[in-house]
């Protein structure tokens, strides 16, 4: 199955010159979603992973289903102000300004191998901040996984030193 055919391309969103890769069309297709999760499960089944962390919001969808399939725990990495217990946070750069993500302090046990997952790798800032959170909590990043990579934005450069995997790459 050509998964790229299942992704809707929306030109000039959120601004002119950008092609938005909309995965909602893939997610609503049961066969396509099953293919994605099955391929990821095959990749990670033998890897020594203790838990899977997904980045809000579409990383929650892929990560929680994959965690279920692999019988692993799921860790939500959220936008600020959404988690009710003690948190740690990491800041990252945007085109104009900064943002941050948060995780519960007790989400990771010392030495845990954590698979990080998100739907899209663009500039790499969000995933770099997520890696920082996992490591500050005492875990180790097993790999950074993406459904889509926008290669021309060079996000992998920010993730040097980490293993990365992208299912679909757009040049």
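Read-outs throughout are calculated quantities, based only on the coordinates presented, and are distinct from any laboratory measurement. Here the structure is a predicted model, which is why all the values come from computation and not from measurement. All Cβ positions, glycine included, derive from the backbone under ideal geometry; neighbour counts span all protein chains shown.
With viscosity set to 1.002 mPa s at 20 °C, what whole-number translational diffusion coefficient in µm²/s follows for the chain from Stokes-Einstein and a Kirkwood radius over Cα pairs?
It diffuses with D of about 131 µm²/s by this estimate.
Per residue Cα convex hull volume for region 12-61, in cubic angstrom?
Normalising the Cα hull of region 12-61 by residue number yields 106 Å³.
Compare the peptides 22-32, 123-133 by average per-residue count of other Cβ atoms within 10 angstrom and give them in order, highest first.
The densest-packed peptide leads the list: 123-133, 22-32.
Could you state the number of Å between the C-alpha centres of region 5-42 and region 106-171?
19 Å
Can you sort 89, 57 from fewest to most other Cβ atoms within 10 Å of each residue's own Cβ?
Final ranking by Cβ density, sparse to dense: 57, 89.
If we sort 59-70, 74-85, 104-115 on the protection proxy, mean other Cβ atoms within 10 Å, highest first, what's the order?
Taking the mean over residues of other Cβ atoms within 10 Å, the ranking is 59-70, 104-115, 74-85.
Work the Kirkwood hydrodynamic radius out for region 74-126: mean of 1/r over every pair of different alpha-carbon atoms, inverted, in Å.
One over the average 1/r among Cα pairs gives 12.5 Å for region 74-126.
Test of understanding: what is the full-extension gain from residue 31 to residue 71, defined as 0.36 nm times their sequence separation minus their Cα-Cα distance?
Taking residue 31 through residue 71 to full extension adds about 12.3 nm, to one decimal.
What is the spin-label model distance, in nm, from residue 8 to residue 82 if the labels are put 7 Å beyond Cα along the C-beta direction?
With each label placed 7 Å out from Cα toward Cβ, I get 2.1 nm.
Using 7 Å Cα-to-Cβ label points, what is the residue 45/residue 57 separation (nm, one decimal)?
Between residue 45 and residue 57, the label points sit 3.3 nm apart.
Along Cα→Cβ, 7 Å out, is where each label goes; now give me the distance between the ones at residue 15 and residue 140 in nm to one decimal.
4.1 nm
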